[in-house]
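Single-structure report; data block below.
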């Protein structure tokens, strides 16, 4: 393994454009020494600054159906969980929440659902409801739209893209197949992976993500970063597992508070020009600074208070206190030397990324990020 004295050299080489290999990724992901982690975070912030300056994007979050047909062992909204009150939001409620998010200053509206049986019946025909909603949200807000509807087929991807969806988010959670089978029982790894490829072919940008604190190793995280590089994902995410009542997955005996921010920093070095979220859905506003200082450049899970909408991992955290809003986030950004980007800046990034993705660009070769 690499000598710590060589870490600054490695980081400078990566900043100069050399792609880290699998062993180097594993080494960086395992860093826990305070001085080494500080060097890593400084390098990640330099990489972010080169591509995005001091500007950060905001994503408004509308979790419009908490029903799900799946039994994921890490998810509060798993089918077997009887510890919660589920909901399905009406079109009027969704549009009003979208309007409020747009007025607050977000750059994108994320329409998220569990794999609600009502939408997946008849082979996905009822996704027409989501198609109509995409167009109406765009018309109401004038903002780009991300959809997170679970696993879809190619025909559905084509229709969602035609309806105006800019993004398709579908998290693998891990790219270790054995761990995947434990986390997502009864769900096909390859079908989920193909859904992202189909979304790209349909013309949408794609987000993939991994879950930290569920039994993965630094090698697993390195393999996930390599896999997301092969996918050529446009946005990459890591979130820590949040244990809740009704979730069978046990938390780690010794939680690692550095696992998520260190992974964010390594992702930033591996993907300097991509979007990397800092989610408010794990630790709320109190955890935002550490994620921004690790190189994140998107604040996600912004939710308007009083709309009776939930988050996913920490479903009520900071919402009614108005702490998941751009206004609440702004002072934290300022303390990190950052500020909200303009909507025009976000649109320019989208158009530049689309131009790159849909003009014959080839993803990285095997073993590279």
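Throughout, read-outs are computed from the coordinates displayed, never taken from laboratory work. As the structure is a computational prediction, the values presented were derived from the model and not from experiment. Note that we place each Cβ from the backbone using ideal geometry, even for glycine, and neighbour counts take in every protein chain shown.
Here are some notes:
- Modelled spin labels at residue 140 and residue 348, positioned 7 Å past Cα toward Cβ, are 3.0 nm from each other.
- Going from the residue with the fewest nearby Cβ atoms within 10 Å to the one with the most, 357, 75 rank 357, 75.
- Separation of alpha-carbon centers, region 153-172 and region 238-303, rounded to whole Å: 25 Å
- Subtracting the Cα-Cα distance of residue 256 and residue 99 from 0.36 nm times their residue separation leaves 52.7 nm of extension gain.
- Efficiency of FRET between residue 188 and residue 128 - r from beta-carbon atoms, R0 35 angstrom, step 0.05: 0.90
- Each residue in 175, 51 was given a count of other beta-carbon atoms within 10 angstrom of its own, and listing them fewest first yields 51, 175.
- Here region 74-92 is scanned for amide nitrogen atoms under 15 Å from the site 7 Å beyond the Cα of residue 308 along Cα-to-Cβ, giving 85-92.
- Residue exposure proxy: 90, 126, 65, ordered by other Cβ atoms within 10 angstrom of their Cβ from fewest to most, comes out as 90, 126, 65.
- When the square roots of the Cα gyration tensor eigenvalues are ordered a ≥ b ≥ c, the ratio a/c for region 24-102 is 1.5 or more and a/b does not exceed b/c, which makes its shape oblate.
- Gyration tensor (alpha-carbon) shape descriptor, region 231-369, a/c threshold 1.5: oblate
- Three-way shape label, region 25-357, alpha-carbon gyration tensor, a/c 1.5: rounded
- Between residue 83 and residue 177, the contour length at 0.36 nm per residue exceeds the alpha carbon distance by 30.9 nm.
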